[in-house]
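To start, the structure itself, in structure tokens.
No lab work stands behind these numbers, since they all come straight from the coordinates. Predicted, not measured: the structure shown is a model, and the values here were computed from it. Glycine gets a Cβ as well: all are built from the backbone with ideal geometry, and neighbour counts include every protein chain shown.
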Amino acid sequence: MSEKELNWLLQTIKDPATAERFVLAQYARGRISFQLMAKLARKRGWIDRTRNQFAITTTGHLAGFTMTEFRVFVD
């Protein structure tokens, strides 16, 4: 299913929660790609950026850690 077809179908669904479930179902059945699903979610505001806040803040803290180097001797 193309983006144009999906947008046309979504215009007929009035409830945003129902539209979101419809898109997730189409993705689960393999009818749309992950990229298309993500693009629609961003456009329609279905992505809650505050939920991702933890992942964003922890990456800054993880950058301070360094890998420990071990020497490996091979015969």
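Structure values in brief
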{"read-out": "Unit charges on C-beta of K, R, D, E only; dipole of segment 3-47, Debye", "value": "80"}
{"read-out": "Inter-label distance for Lys4 and Arg29, nm, one decimal - labels placed 7 Å from Cα along Cα-to-Cβ", "value": "2.2"}
